[in-house]
1. For segment D:11-23, which residues satisfy the criterion of being more than 14 Å from residue C:96 (Cα to Cα) and within 14 Å of chain A (Cβ to nearest Cβ)?
2. Is there a residue being more than 9 Å from chain D (Cβ to nearest Cβ), closer than 13 Å to residue C:26 by Cα and open to solvent by 70 Å² or more (accessible area, probe 1.4 Å) anywhere in segment C:65-87?
3. Return only the number of the condition from (1) surrounded by 13 or more Cβ atoms within 10 Å (Cβ to Cβ); (2) more than 13 Å from the chain's Cα centre (by Cα); (3) part of a loop (DSSP other than H, G, I, E, B) that residue C:43 does not satisfy.
4. Within segment C:5-40, restricting attention to residues that are touching a residue at least 40 places away in the same chain (Cβ under 8 Å) and among the acidic types (Asp, Glu), which residue is surrounded by the fewest Cβ atoms within 10 Å (Cβ to Cβ)?
5. Where residues in segment B:46-70 are part of a loop (DSSP other than H, G, I, E, B) and more than 18 Å from residue B:6 (Cα to Cα), which of them is nearest to the chain's Cα centre (by Cα)?
6. Which members of segment C:11-28 meet the condition of being assigned to a loop (DSSP other than H, G, I, E, B), within 14 Å of DNA strand E (Cβ to nearest atom) and farther than 13 Å from residue D:95 by Cβ?
7. When segment A:1-59 is examined, which residues are found to be small (Gly, Ala, Ser) and in contact with a strand residue (DSSP E or B) (Cβ under 8 Å, 6 or more places away or on another chain)?
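The values are calculated or read from the model by the stated rules, or taken from the named source; none is laboratory data. Remember, predicted model here, so these are calculated numbers, not experimental data. Positions of Cβ are backbone-derived with ideal geometry, glycine not excepted, and every protein chain shown enters the neighbour counts. Each accessible area value is taken on the protein alone, full model and side chains, heavy atoms only, with ligands, DNA and RNA left out. Shrake-Rupley method; radii C 1.70, N 1.55, O 1.52, S 1.80 Å.
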Protein chains: 4
Amino acid sequence: MVISIHLDSDTPLYEQLRNQIVIGIATGELAAEEKLPTVRQLAEDLGINTMTVNKAYSILKQEGYIVIDRRHGAKVSPRSTQTQDGSNHTAQLEEQLQLIIAQATIKGIDQSRFQALCSTIFAQMKYQH
Amino acid sequence: MVISIHLDSDTPLYEQLRNQIVIGIATGELAAEEKLPTVRQLAEDLGINTMTVNKAYSILKQEGYIVIDRRHGAKVSPRSTQTQDGSNHTAQLEEQLQLIIAQATIKGIDQSRFQALCSTIFAQMKYQH
Amino acid sequence: MVISIHLDSDTPLYEQLRNQIVIGIATGELAAEEKLPTVRQLAEDLGINTMTVNKAYSILKQEGYIVIDRRHGAKVSPRSTQTQDGSNHTAQLEEQLQLIIAQATIKGIDQSRFQALCSTIFAQMKYQH
Amino acid sequence: MVISIHLDSDTPLYEQLRNQIVIGIATGELAAEEKLPTVRQLAEDLGINTMTVNKAYSILKQEGYIVIDRRHGAKVSPRSTQTQDGSNHTAQLEEQLQLIIAQATIKGIDQSRFQALCSTIFAQMKYQH
DNA sequence: GTGGTCTAGACCACG
DNA sequence: GTGGTCTAGACCACT
């Protein structure tokens, strides 16, 4: 899986990393149970510090997206364990969506175009529960 | 319009402010050409620093959501000027949506539920071009 | 509040820190809404690195024990917000207790002595909901 | 006795092993003087490295829970030798309890519920001195 | 060889 | 002046 980092972005490196891995899982680029690169390896590949990668992995672990097997490093969580979600998530999703839709509306993107865009993106998601 | 600030949120105060005003414009709570409170007034109402409000206004201006007249203060941009979409915006929107949809997918929210949620939110938007 | 760190302990420094602050909150040594020392200050007092203190604070924040106010630093969460607990916690508590009680039993501490010990400790807890 | 290992847990494998055996002894699942599986056997059953099991056994031996006879393998210590309490143990127990009770208090578990929980767990302990 | 922890010191965003 | 981020490099625990 290809991961690209923007050093000049306003989002922290570890968050960019976290986001791309989440997307990778959802699109199926990273299969369930698939092994992730080691902290050191990924850090070297991206030319960043190991602690930065470490932080990204810690967050992903804490969020339940990956598990750390002490013997073989990090891997994507098995499908069954991913769906444990509180109602918090929906509320948070709603809040994020409201802002995005507000901006889209003002910029002249109407609902049908927006929904079409969503469909396109959903079509990329190969994640199987 | 009611603006509420969470001092202990992860998102910076000025960004919370900016977001709520954008949403206010999109929902029609803030009409086109409507005058916004003065920087000093709003800062006092919310109990925060004037520089913070100032920063929010500057960003909104730079993004084209509001116009600032040195004599009359800030007001919401007229409808006509808002629609300057630009492919930048669409690309950025797509990126944000991709992340949100990825997370939703993994958490078990399927496309129909997601689209339904979007519809609900779109129904709140009263912004007229 | 007095915090003491054991550099030679097997529990990580940030966790020792986290534990002592949790106990401080429960015993009332740290009142609700009370301001915690700054990261730098505490690091200097204890002779450890700022990032270590930072990590402890991050965890406490993520666990809901403290909140970070961008203007004035970290403070103990208000009483009302602390009690939001899932059933997870009880299960986890049960597991921890089982191990402790197993060890106590084998070492010859009977139930009455154990319960008495609990009572003594509970008497130190001044935390008010 | 059934031992289950979580490869993705935060607690080291050898410690999980050690804990479960201690609990097994306290609940009576493992009788005094009962023979434990050989290191090799247990490692194979659990699909882990023999060194890991070895480490767990070493710790249990050093803590006095089991005795290791080079000819006959490991077995649970006879009842009489277990009760060597020592004030160390009580102090350590007190420290562990303090943290647990602090967390429980903040999470809104009151003393009566806590004590009830302890009673339930004590009822499972069949260890006879 | 893996991730986890810690350090010393730097720079940035926020208010 | 606050916490947040990042680095380079070191050592440790676990398997």
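1. D:12, D:13, D:14, D:17
2. Yes, there is a match, as at least one residue in segment C:65-87 is more than 9 Å from chain D (Cβ to nearest Cβ), closer than 13 Å to residue C:26 by Cα and open to solvent by 70 Å² or more (accessible area, probe 1.4 Å).
3. Of everything listed in (1) surrounded by 13 or more Cβ atoms within 10 Å (Cβ to Cβ); (2) more than 13 Å from the chain's Cα centre (by Cα); (3) part of a loop (DSSP other than H, G, I, E, B), residue C:43 misses just condition (3).
4. C:33
5. Filtering segment B:46-70 down to residues part of a loop (DSSP other than H, G, I, E, B) leaves B:47-49, B:63-65, B:70.
Narrowing the set further to residues that are more than 18 Å from residue B:6 (Cα to Cα) leaves B:63-65, B:70.
Working: B:63: 10, B:64: 11, B:65: 8, B:70: 22 Å.
My answer is B:65.
6. Start the filter on segment C:11-28 by keeping residues that are assigned to a loop (DSSP other than H, G, I, E, B), which leaves C:11-12, C:28.
Checking which are within 14 Å of DNA strand E (Cβ to nearest atom) leaves us with C:11-12.
Once the filter is applied, which keeps residues that are assigned to a loop (DSSP other than H, G, I, E, B), within 14 Å of DNA strand E (Cβ to nearest atom) and farther than 13 Å from residue D:95 by Cβ, segment C:11-28 yields only C:12.
7. If we filter segment A:1-59 for residues that are small (Gly, Ala, Ser), which is where we start, we get A:4, A:9, A:24, A:26, A:28, A:31-32, A:43, A:47, A:56, A:58.
Of everything in segment A:1-59, those that are small (Gly, Ala, Ser) and in contact with a strand residue (DSSP E or B) (Cβ under 8 Å, 6 or more places away or on another chain) turn out to be A:31, A:32.
Rundown of residues vs (1) assigned to a helix (DSSP H, G or I); (2) more than 26 Å from residue B:77 (Cα to Cα), yes/no style:
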position	(1), (2)
A:93	yes, yes
A:96	yes, no
A:101	yes, no
A:104	yes, no
A:116	yes, yes
A:126	no, yes
A:129	no, yes
